[in-house]
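Trainee: Here it is: the structure, laid out below.
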Amino acid sequence: MISQALLEARKYEEAMEKRIPKEDKPEFHLSPRVGWMNDPNGFSFYNGKYHMFYQYHPYYSQWGPMHWGHAVSEDLLHWEYLPAALAPDELYDKDGCFSGSAITLPDGRHLLMYTGVFQERTREGGVSDIQTQCIAVGDGVNYEKIEQNPVIDEKDLPEGCSRHDFRDPKIWRKSDGTYCCAIGNRPADGSGQILLFTSEDCFKWNFKKVLIANNNRFGKMWECPDFFELDGKWVLLTSPQDMLPEGFEYHNGNGTLCLTGKYDEETDTFIAESDQSIDYGIDFYAPQTILTSDGRRVMIGWMQNWDACVHSKEDPWFGQMSLPRELFLKNGRLYQKPIRELDEMRCNKVVHQNVSFSGIISLDGIRGRKIDMELTVRPGDEQELYQKFAVRFAQNEQYYTALSFRPRESILKVDRKFSGSRRAIVHQRRCQVNTADGELKFRMILDRFSVEVFVNDGEHVMSATMYTDQGADGISFFADGCVNIDVVKYDLV
Ligand code: FRU
């Protein structure tokens, strides 16, 4: 049975999407069908297609009662919308169907596990969330919430665990056929932790242990965990709220954290050995991963910063996902590269090699807002190292966004101050990159409203959105001192 609330959402999105011209949205980054989008949810492969659900408020381009939007794709780049999958229509989720994940059951059904939010009146006259874990089962289009919901609630929580901050279940199947679920929670110390639950059948769940406690080390509450094996190690991705910057790490307030370490599957013990940010730009949060059938671990995040969601209330849509990025470990670090399917969208190759210059130049054929561009920058003068190199893009007489590199400090900076924003939101982020002798290699991908920069084959990644008018498609290069560059650019279609 499809509820009235879901029917209404489906009718609304179908009617309203027609009012949004395709050119007003990203081309190969998933954005909401209409209205608001945040976290990726239920990222999975089911019935021959990749499925992506998302935190969704169809009726308004601001956060509101959370639904799950839904889209499918064969290559993770061309997405087709399906009708909204979940609406807040039960008592236990009447205030929102928050983030969660998906898995295929042995009988072929698709299972979604999400956080149901129910708001309780407090004695002081306010409201406070009660968060529980709930299940809906379906066929890839329609999903039915099960009668036993919620399947995990405060009764299942050990002493000291908050029932107010208890969300974002990520399920996976172990090699022995049983199921595990990692859920973000706030313990008594007010920070975050990840709880591990186990199940024989994916419906009845038991608390197993605290997989890892934050102990106020990285921010506060930990949201949206994902936990998987990668290149012989185990990786926990989570998005802590309220992080403090440390050197060049964790500058995003609500940021993203990657912990890499050892996991003993017998005893469910995870020992973290190293930590890093996942993305060093401005806009990235709450990523989810899947393992593709050919063994690649692919991650997609919400390409947005919670503190920078400032936009016109009239906008028909807001929020977009990042590129799908293949993950791998190299020298103990998490590396990311755009999935290779993107290469198939490349056309109109333009190459400029060995261009030495100082001051400002533009290059024939180098422009565009849907492009894939590789740059190698090196000193153009053996005697004197240049001070600064910059590439300006999404540029016209008035606007541009810039990526600039100072070799003496090894700092790469993204700056969207002149992108057309009229608000005092964060516009810059700096990243300390590895470079020797003033040489740097990076690849930047633009898709109308965003830039994602993969430095040194994915050692650092910086993502930022910018909503500059699409007519601003110029690109220019700037050098203080003498630099020598190679540029290879493709249009993406
Ligand atoms: C993270 C988050 C999740 C929650 C969802 C609500 O961005 O706060 O923890 O499930 O968004 O929309």
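The values are calculated or read from the model by the stated rules, or taken from the named source; none is laboratory data. Note that the structure is predicted; figures quoted are calculated from it, not measured. Virtual Cβ from ideal backbone geometry, glycine too; neighbours counted across all protein chains shown.
Trainee: Hey, any hits in the stretch 441-451 for a residue that's more than 21 Å from the chain's Cα centre (by Cα) and crowded, with 21+ Cβ neighbours inside 10 Å?
Mentor: no
Yes or no, residue by residue, for (1) under 28 Å from Lys94 (Cα atoms); (2) in a loop (DSSP other than H, G, I, E, B); (3) without any contact (Cβ under 8 Å) to a residue 40 or more places away in the chain:
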position: Pro158; (1), (2), (3): yes, yes, no
position: Lys170; (1), (2), (3): yes, no, no
position: Ala188; (1), (2), (3): yes, yes, yes
position: Val235; (1), (2), (3): no, no, no
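Trainee: Hey, another quick one. For the stretch 302-315, indicate whether the set of residues that are in contact (Cβ under 8 Å) with a residue 12 or more places away in the chain and part of a strand (DSSP E or B) is non-empty.
Mentor: Within the stretch 302-315, one or more residues are in contact (Cβ under 8 Å) with a residue 12 or more places away in the chain and part of a strand (DSSP E or B).
Trainee: On the given criteria, is Leu342 closer than 23 Å to Asp39 by Cβ, of a type in the set (A, V, I, L, M, F, W, C) and away from the ligand (no atom under 16 Å from the Cβ)?
Mentor: Answer is yes for this residue.
Trainee: Hey, another quick one. Could you list, in sequence order, the residues of the stretch 74-97 that are more than 16 Å from the ligand (Cβ to nearest atom) and out of contact with any Phe, Trp or Tyr (no Cβ under 6 Å at 6 or more places or on another chain)?
Mentor: Hits for the stretch 74-97 are Glu74, Asp75, His78, Trp79, Glu80, Tyr81, Leu82, Pro83, Asp89, Glu90, Leu91.
Trainee: Cβ contacts < 9 Å: first residue surrounded by fewer than 14 Cβ atoms within 10 Å (Cβ to Cβ), restricted to the stretch 268-295; second residue among the β-branched types (Val, Ile, Thr), any location; separation 6+ or different chain. Result?
Mentor: Correct list of pairs: Ile271/Ile212; Glu273/Thr260; Ser274/Thr260.
Trainee: Would you please list the contacts, defined by Cβ atoms under 6 Å and residues six or more apart or on different chains, that run from a residue in the stretch 17-41 that is closer than 15 Å to Gln470 by Cβ and β-branched (Val, Ile, Thr) to a residue that is away from the ligand (no atom under 16 Å from the Cβ) and modelled with pLDDT of 95 or more?
Mentor: Hits for this filter: Ile20/Pro316.
Trainee: Give me a count of the residues in the stretch 262-301 that are polar (S, T, N, Q) and outside any loop (DSSP other than H, G, I, E, B).
Mentor: Count: 6.
Trainee: Can you tell me which residue is surrounded by the fewest Cβ atoms within 10 Å (Cβ to Cβ) among those in the stretch 41-73 that are more than 19 Å from the chain's Cα centre (by Cα) and away from the ligand (no atom under 16 Å from the Cβ)?
Mentor: Across the stretch 41-73, the extreme among qualifying residues is Gly48.
Trainee: Does the stretch 283-301 contain any residue that is among the acidic types (Asp, Glu), touching a strand residue (DSSP E or B) at 6+ places or on another chain (Cβ under 6 Å) and either on the phi > 0 side of the Ramachandran plot or within 14 Å of the ligand (Cβ to nearest atom) (or both)?
Mentor: yes
One line per residue, one yes/no per condition, for (1) modelled with pLDDT under 95; (2) more than 19 Å from Val453 (Cα to Cα); (3) outside any loop (DSSP other than H, G, I, E, B):
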residue: Leu327; (1), (2), (3): no, no, yes
residue: Asn348; (1), (2), (3): no, yes, yes
residue: Asp364; (1), (2), (3): no, yes, no
residue: Val377; (1), (2), (3): no, no, yes
residue: Glu382; (1), (2), (3): yes, yes, no
residue: Leu385; (1), (2), (3): no, yes, no
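Trainee: Val350 - would you say it is more than 28 Å from Leu237 (Cβ to Cβ), surrounded by 15 or more Cβ atoms within 10 Å (Cβ to Cβ) and either of a type outside the set (Gly, Ala, Ser) or touching a residue at least 24 places away in the same chain (Cβ under 8 Å) (or both)?
Mentor: In short, yes.
Trainee: Here are some residues: Tyr114, Tyr143. Which one is aromatic (Phe, Trp, Tyr), within 27 Å of the chain's Cα centre (by Cα), modelled with pLDDT of 95 or more and away from the ligand (no atom under 16 Å from the Cβ)?
Mentor: When all the criteria are applied, what remains is Tyr143.
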